[in-house]
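Encoded as structure tokens, the structure appears first; notes follow it.
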Protein chains: 2
Amino acid sequence: MVRDSNLRSTSRPTAVAPRPARARRYDARRDAILRAAARIFRDRGFADTGMRDIAIASDLSPANLYHYFKGKDEILFYCQDRALDRMLAAVAAARRAAVDPDGRLRSVLAAHVLTMLDEVEGATAHLQVEALAPPLRARIVQKRDRYERAVRRLLADGMASGAFVAGDEALLTRAMLGALNWVVTWYRPDGARTPGQIADEMARYLVRGVQPEGVRG
Amino acid sequence: MVRDSNLRSTSRPTAVAPRPARARRYDARRDAILRAAARIFRDRGFADTGMRDIAIASDLSPANLYHYFKGKDEILFYCQDRALDRMLAAVAAARRAAVDPDGRLRSVLAAHVLTMLDEVEGATAHLQVEALAPPLRARIVQKRDRYERAVRRLLADGMASGAFVAGDEALLTRAMLGALNWVVTWYRPDGARTPGQIADEMARYLVRGVQPEGVRG
DNA sequence: AGGATCTCCGAACAATGGTTCGAGATTCGA
DNA sequence: TCGAATCTCGAACCATTGTTCGGAGATCCT
């Protein structure tokens, strides 16, 4: 428990492994647990998932989980935290790639879908925020709001520049994110569409709804 | 338990009360339980809601709940069943009111939001279907699919008539319903918008995304 | 009024679930 | 190689939860 280094110390890429093998395995196990948990959370929901389920899925004993996480809440917390980080990174990337507002918003929305469907990342990004106890929830809510505001700003900028029609930014943002979050409830890996296709079609449709006449993406 | 008359026998509106006072109170209690349960389910989720919570909220003892429902599952079942009935009724009403496809779809989507936010009806319409045990779940899933197909048909008809642009009907339907279902996660009674306003704006935006150039609602 | 039925509840039961304990294996620095 | 820190797990703990049981009070029909 001495570690607690979530932010990799990528300070020196020296020849010799700067990170002990011990700590490496520790991080790997942590990752595996998060991966397994995220998958089950997405499929069965947080409340219906037991520690024993997570333990089985990650080839560990239930008791051993507590050497990697303080408890069930913390596992959910890191799932959500990771997913949000990835989404925020997508926003930053879209902003850097200086295209038009349409393309920026589309790429962010598409990335959102991919993050939700990707087993590695959380998938339970926004889905189960209320399940968290106050201390951890506050941190997630804060980050989630930051992401939501970022998306809203993308929308607002487009409205200001005339790329999008005027409207209630907050409501439209929530409509878009809702459509995206809902994907996890109906997506099946053996379905007709790949995650990439779903992400693209979703993003295209959602953006089309705010575009003025004459400039259809 | 001899009653089991969910469908009111509105056969004869005779002068004398055709329904004994006893049975009336029974139905009223049932209604109150459903009302209270739906509210808590919506706020805290099905798994995190205890029978004792429902009992307190409906001014009854936990044990007494079992005189009105077979168990927790059945309570959720009726919540969802009611909500779906109301949504299906909205579809039928929209179909009867022979307006254009745009108006039909918009009114159905708006009714969906109002059903979700209305405390009386389920609110947990689609939200917690997986929580149900197989026997009851099958019936709900069937009805939910019926509703989803009805909405999809509205969309498909519009595409066929040229009122909507061509696209993946199933995916677009799910995108719309997802945006609507998500409303329960962020709606607050003391917010700036009333349920009616939210419903209208949502429906307008979602339909706009499938309309071709030159015909915006 | 009397018996039958319906409502209602306090208490307890069995199962589940998150979590802790204590000790045995494993790994690592020196 | 040796001692210490780290991993790992079976078993148990304890609170919660859905549910049942048996009976007391209320209500209704005749």
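The values are calculated or read from the model by the stated rules, or taken from the named source; none is laboratory data. Since the model is a prediction, treat every value here as computed from it, not as a measurement. Backbone-built Cβ (ideal geometry, glycine too); neighbour counts: all protein chains shown. Accessible surface areas use protein heavy atoms only, side chains included; no ligands, DNA or RNA. Shrake-Rupley method; radii C 1.70, N 1.55, O 1.52, S 1.80 Å.
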task: Note the full-extension length gain between residue B:95 and residue B:160 as 0.36 nm times their separation in residues minus their Cα-Cα distance, in nm to one decimal.
output: 21.8 nm
message: With a 1.4 Å probe and all protein chains left in place, how much of the accessible area of chain A comes from carbon and sulfur atoms, in whole percent?
response: 51 percent
message: Which positions within segment B:165-201 get 40 Å² or more of their accessible surface covered by the other protein chains, compared to the chain by itself, with a 1.4 angstrom probe?
response: B:168, B:171, B:174, B:175, B:182, B:186, B:201
Solvent accessible area, Å² - residue B:61, 1.4 Å probe, full protein context: 60 Å²
message: If I fit a long axis through the Cα atoms of helix A:134-160 and take the longest principal axis of the Cα atoms of chain A, what angle between them do I get, 0 to 90°, rounded to 10?
response: 20 degrees
statement: Probe 1.4 Å, protein heavy atoms only: A and B together bury a total accessible area in Å², to the nearest 100, of 2800 Å²
- request: Would you mind classifying the protein assembly as shown by shape? Square roots of the alpha carbon gyration tensor eigenvalues, ordered a ≥ b ≥ c; an a/c under 1.5 is rounded, otherwise it is prolate if a/b is larger than b/c and oblate if not.
  value: oblate
field: Surface accessible to a 1.4 Å probe, per residue, for the residues of the protein assembly as shown, Å²
entry: 50 Å²
statement: So, over other residues within a Cβ distance under 10 Å of residue A:184, counting Lys, Arg +1 and Asp, Glu -1, the net charge is 0
Highest-MSF residue in chain B out of B:21, B:55, B:38 [GNM, Cα springs under 10 Å]: B:21
Residues in segment B:185-215 reached by a label modelled at residue B:118 [backbone nitrogen below 15 Å; 7 Å Cα→Cβ]: B:195-197, B:199-200
- line: In terms of the alpha carbon gyration tensor, root eigenvalues a ≥ b ≥ c, rounded if a/c is under 1.5 and otherwise prolate when a/b exceeds b/c or oblate, segment B:15-106 is oblate
message: Measuring nothing but label to label, 7 Å from Cα along Cα→Cβ, what are residue B:145's distances to the other copies in nm, shortest first?
response: 4.2
Estimated 222 nm signal from helices in chain A, with DSSP H stretches of n ≥ 4 weighted -39500 (n - 2.57), rounded to 500: -20000 deg cm²/dmol
- request: For segment A:179-217 and segment B:187-211, write down the distance between their C-alpha centroids in whole Å.
  value: 20 Å
query: Between A:85, A:73, A:168, which gets the highest mean-square fluctuation from a Gaussian network model of chain A, Cα cutoff 10 Å?
result: A:168
task: Using only atoms on other chains, find how many Cβ atoms lie within 10 Å of each Cβ of peptide B:37-47 and report the average.
output: 2
statement: By the C-alpha gyration tensor axes a ≥ b ≥ c (rounded if a/c is under 1.5, else prolate when a/b exceeds b/c, else oblate), the shape of chain A is prolate
statement: If every Lys and Arg gets +1 and every Asp and Glu gets -1 at its Cβ, then about the Cα centre the protein assembly as shown yields a dipole, in debye to the nearest 20, of 660 debye
message: Filter A:143/B:72; A:70/B:70; B:70/B:143; A:72/B:72; B:72/B:143 down to the pairs with a C-alpha to C-alpha distance above 30 Å, please.
response: A:143/B:72; A:70/B:70
- line: When chain B is treated as a Gaussian network with springs between alpha carbons less than 10 Å apart, the largest mean-square fluctuation among B:109, B:34, B:136 is found at B:136
